[in-house]
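Data first, discussion second: the structure below is written as structure tokens.
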Amino acid sequence: MRSDTLIVEDVMLLLLDDERGTPAGAGTLHYILGGAMLVELALRGRIETDDTSRPGVNGAKVLAVGDGPLPDPLLQAAYDKIARRPQGVQTVLLTIGAGLWKPVTERLVERGLVRSERKRVLGVFRTTTWPAEDTRHEAELRHAIHAALEGGESPDARTAAVIALLSSSGTLPALRPALAWSAEVSARAKKFENGDWGAAAVSTAMTRHAAAITASSAAVSITVITTIT
């Protein structure tokens, strides 16, 4: 499996329909991608949550920690936004997730994982889609997810994070090939969503906590948006 992609790239790749090139959960994409960045920063030890603050509507506050530059410009940009001042997790999800789909899809195109296709709808409206190009990395991601949810295998922290984010966003059923849904598979997905990663992140309690609050905040926001629309 590739080791040079960010979690946000893997999540976006899985959300994109291989043939149509459109993302699942498009209406709440900013929360999903923002959550992926938040968990990546937690895995790298660059954010913490303020457990002494009252969660409230906006969630626990996210704090930037650590010194030195990050190895990726997308991560650095997200970190810099968080470092300006402590903010609630839902605000952070919007702040770092808004518009993130564009640079992420551009990176997937540059990596040769998807291709960019511009079309006209009804001969008037221009639209861009990103159908699959090289599916090998995506197939490995899907295999790891299936192994964890259907086979009960213990995944690495990155795979656990991807499962948590897809589960919280409600897009896990959009995976193709589809998961063989059962009570056991549903229960395992919910555990990942709640931050119960087992042996996958023994030394990253902060990451599990960040994933849990990200998932719960995204789920609440998605529910509100769905209700409104």
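Given segment 67-134, report the % of alpha carbon pairs whose separation exceeds 19 Å.
Counting every Cα pair in segment 67-134, those more than 19 Å apart make up 53 percent.
Taking R0 as 45 Å, what's the FRET efficiency between Asp134 and Asp80 from their Cβ-Cβ distance, rounded to 0.05?
After rounding to 0.05, the efficiency reads 0.90.
In straight Cα distance, which lysines are under 24 Å from Lys190, not counting same-chain residues fewer than 8 positions off?
Lys61
If Lys and Arg each add +1 and Asp and Glu each add -1, what is the summed charge of the other residues whose beta carbon sits under 11 Å from the beta carbon of Ala24?
Result for the local shell: +1.
Long-range amide H contacts for Gln87: which residues qualify at under 5 Å (H placed 1.01 Å from N, peptide plane, sequence gap of 5 or more or a different chain)?
Here Val62 satisfy the definition.
Could you check the simple spin-label distance between Val109 and Thr95, using points 7 Å along Cα→Cβ, in nm with one decimal?
My value for the distance between the label points is 3.0 nm.
Return the long-range amide H neighbours of Thr22 (sequence gap of 5 or more, or a different chain), with a cut-off of under 5 Å between placed amide H atoms.
Those qualifying (amide H under 5 Å, at least 5 residues apart or on another chain) are Asp17, Trp130.
Whole-Hz ³J(HN,Hα) for each residue in segment 37-45, computed from phi via Karplus 6.51 cos²θ - 1.76 cosθ + 1.60 with θ = phi - 60°, x for glycine and proline: what do you get?
5, 4, 5, 4, 5, 5, 4, 8, x
A short reminder: the numbers here are calculations on the coordinates, not readings from a lab. Computed from a predicted structure; not experimentally measured. We place every Cβ from the backbone using ideal geometry, glycine too, and count neighbours over all the protein chains shown.
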